[in-house]
Amino acid sequence: MNTNISVAKVIEKLPSRFVAANAKDVTATFQFVLEDEQDFYISIADGQCNIGEGEHPDPNLTLIMDAETMIEVITGKKDGMSAFMSGKLRAEGNVILATQLGKLFSREKQT
C-alpha cells in the first residue's frame, strides 16, 4: 500500500472526482466508519456532493472498514465487492446504494 496517501487527502479529493451526471436521481447519505481514523459521510442530493466529518444522524448506508481498505477501494486499487466478500468491509442499511457509489466518483488517476 502507498503510505503517502492519507485518509484526509483521499476525502479532500472526493468532490473534484464527483460525477454529477451520474447522480441525477440519487439522494443518499453514505456514512463511513473507519476503525482507526475519523468517521465521515458523503451526502448526495440535487446533483451535489457534500462531505462532512463525524457521524450523520440518518445515513442511508453505513460502510465500516479500516483506513487502508477505504483508501484502496476509493483509489481503485481494490474492488469494493471483493473487500466486502473478504470481510474487510461491512455494510449496514441500503446495501444496493453501495453498488452506485462507484459510478458517482471517477477513479483516481494512478501516477
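The values are calculated or read from the model by the stated rules, or taken from the named source; none is laboratory data. Here the structure is a predicted model, which is why all the values come from computation and not from measurement. Here the Cβ positions follow ideal geometry from the backbone for every residue, glycine too, while neighbour counts run over all protein chains shown.
Filtered by the rule that a residue be aromatic (Phe, Trp, Tyr) and exposed (fewer than 12 other Cβ atoms within 10 Å of the Cβ), the stretch 25-42 gives no residues.
For (1) surrounded by 15 or more Cβ atoms within 10 Å (Cβ to Cβ); (2) among the β-branched types (Val, Ile, Thr), each residue gets a yes or a no:
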| position | (1), (2) |
| --- | --- |
| SER6 | no, no |
| LYS9 | no, no |
| VAL19 | no, yes |
| ALA23 | yes, no |
| ILE44 | yes, yes |
| CYS49 | yes, no |
| GLY54 | no, no |
| ASN60 | yes, no |
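Could you say whether any residue in the stretch 46-55 is hydrophobic (A, V, I, L, M, F, W, C) and under 16 Å from ALA8 (Cα atoms)? Yes, the stretch 46-55 contains a residue that is hydrophobic (A, V, I, L, M, F, W, C) and under 16 Å from ALA8 (Cα atoms). Could you figure out which of (1) hydrophobic (A, V, I, L, M, F, W, C); (2) in contact with a strand residue (DSSP E or B) (Cβ under 7 Å, 6 or more places away or on another chain); (3) touching a residue at least 40 places away in the same chain (Cβ under 8 Å) isn't true of VAL33? The number of the failed condition is (3). Selection of first residues in the stretch 63-80 that are at negative phi and of second residues that are surrounded by 22 or more Cβ atoms within 10 Å (Cβ to Cβ) and hydrophobic (A, V, I, L, M, F, W, C), restricted to Cβ pairs under 6 Å at least 6 apart or on distinct chains, gives the following pairs, ordered by first then second residue: LEU63/PHE32; GLY80/VAL73.
Taking the criterion of being at pLDDT 90 or above, in a loop (DSSP other than H, G, I, E, B) and under 22 Å from LYS77 (Cβ atoms), the only residue of the stretch 1-34 that qualifies is VAL19.
Please tell me if MET81 is surrounded by 19 or more Cβ atoms within 10 Å (Cβ to Cβ), aliphatic (A, V, I, L, M) and more than 13 Å from LEU104 (Cβ to Cβ). Against the criterion (surrounded by 19 or more Cβ atoms within 10 Å (Cβ to Cβ), aliphatic (A, V, I, L, M) and more than 13 Å from LEU104 (Cβ to Cβ)), MET81 does not qualify.
Among the residues of the stretch 53-111, the one identified as in a strand (DSSP E or B) and among the aromatic types (Phe, Trp, Tyr) is PHE105.
Take LEU89 and decide whether it is in contact (Cβ under 8 Å) with a residue 12 or more places away in the chain and closer than 12 Å to LEU14 by Cβ. When the stated conditions are applied, LEU89 does not pass them.
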